[in-house]
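Notes follow the structure.
The values are calculated or read from the model by the stated rules, or taken from the named source; none is laboratory data. This structure is a prediction, so every number in the text was calculated from the model and none was measured. Heavy atoms of the whole protein, side chains included, go into the accessibility calculation; ligands, DNA and RNA do not. Shrake-Rupley method; radii C 1.70, N 1.55, O 1.52, S 1.80 Å.
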Amino acid sequence: MVFGQKTVVKEEPEDEEEEMVDPLETLRQKCEETKHCVHTRERLELCETRVGSRSQTQEDCTEELFDFLHARDHCVSHKLFHSVK
């Protein structure tokens, strides 16, 4: 009894693997370009410049940072789950 020969073809791994893209990071970048986020980022950057120019100050930019993060995350929250499978 003779069985047919099997030819095994070894697949070579692809040199370039497909890069996984995090949808959260993509949406964050898009949301940072919206009018409201641009405005809050400008306020944050102005605060950082002001605080950085002073040698002795108790001021920090926590409020401006939280305002920016809130605006960005609010934008993201409306769009994120529509793109998740």
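Quick notes
- Of E16, E45, all but one fail to be modelled with pLDDT of 85 or more, among the charged types (D, E, K, R) and on the phi < 0 side of the Ramachandran plot; the exception is E45.
- Residue list for segment 26-64, restricted to those being in a helix (DSSP H, G or I), open to solvent by 70 Å² or more (accessible area, probe 1.4 Å) and not basic (K, R): Q29, H36, H39, E42, E45, L46, E48, T49, E63
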